[in-house]
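The values are calculated or read from the model by the stated rules, or taken from the named source; none is laboratory data. It should be emphasised that the depicted structure is a prediction, and the values quoted were computed from it without experimental measurement. All accessible areas refer to the heavy atoms of the entire protein, side chains included, with ligands and DNA or RNA removed. Shrake-Rupley method; radii C 1.70, N 1.55, O 1.52, S 1.80 Å.
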Amino acid sequence: MIALLVIDMQVGLFEGEPRYDAQGVIRRINTIIKAVRNARGVVVFIQHEEEDHLQHGTPGWQFLPDLDRTEKDVVVFKKACDAFYESDLAEVLKKHKVEQVIVTGCATDFCVDTTIRSAASRDFEVVVAEDGHTTKDRAHLDAVSIIKHHNWMWKYLILPHSEVKVIPTENILEWLQSEALR
């Protein structure tokens, strides 16, 4: 079974300083969501909670309104960069018999990166949508360089059982279409 993880695509994280290619990333995530549903996979929205602008129930905590969400999608709450840490994500994936995860979301250099590494260390087959995650410029590096660096780094992680595949959305869609035909 395949699961799509949509990490921290929340209003409060997209206010202020812009995220790189936010509208393009949202559009690509929505196309992957549709393809995962067609392939009978599970869509998991991961929602970060903090005491400030991401406090449970506040406007900033809400998912971006442009995301294609349905009642059938799963929502997992987290309080750390690692979406598995002290959350029910592992149990949700086990319940759905997930072996492969596709990772998308915000922020490349924090929650996306940490969750990819955690999923890989738990022996999930990890696919990263190369153009399906975003971040903002940091004091030491611009967003484009951060994204490019992390895409490269994930491809070369040393893992005993599998590799992290970093591929563009269009290739993920082709793969999911073949899964839907099975």
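For segment 35-113, give the percent of accessible area contributed by carbon and sulfur heavy atoms, probe 1.4 Å, rounded to a whole number. On segment 35-113, the fraction of accessible area on carbon and sulfur atoms equals 51 percent.
Stokes-Einstein diffusion for segment 1-61, with the hydrodynamic radius set to the Kirkwood value over Cα pairs and evaluated at 25 °C in a medium of 0.890 mPa s, equals 192 µm²/s. Quotient of the Cα radius of gyration of segment 136-182 and 2.2 N^0.38 Å, N being its number of residues: 1.55. Given the options 122, 19, 69, which has the most mean-square fluctuation in a GNM of the chain, springs set between C-alpha atoms less than 10 angstrom apart? Evaluated over the chain, the most mobile residue of the options is 122. When DSSP beta bridges are restricted to pairs lying wholly in the chain, around 5% turn out antiparallel. Using every pair of separate Cα atoms, the Kirkwood estimate puts the hydrodynamic radius of segment 34-90 at 12.5 angstrom.
When the chain is treated as a GNM with alpha-carbon contacts under 10 Å, the residue of 62, 23, 47 showing the greatest mean-square fluctuation is 23. Given their separation in residues at 0.36 nm each and the Cα-Cα distance between them, residue 123 and residue 140 gain 2.9 nm when the chain is fully extended.
Rg then Dmax, both in Å and based on the Cα atoms of segment 30-134: 13.3, 37. Quick one: Debye curve from the C-alpha atoms of the chain, no solvent, what's log10 I(q)/I(0) at q = 0.08, 0.11, 0.18 Å⁻¹? Values, matching the q order: -0.22, -0.42, -1.23. Overall, the ratio between the Cα radius of gyration of segment 102-182 and 2.2 N^0.38 Å, rounded to two decimals, is 1.13. Normalised per residue, the accessible area of the chain is 51 Å², obtained with a 1.4 Å probe and no contribution from ligands, DNA or RNA.
Students often get this wrong, so check it: of 79/148; 34/97; 34/95, which have C-alpha atoms separated by over 24 Å? Violating the 24 Å Cα-Cα cut-off are 79/148.
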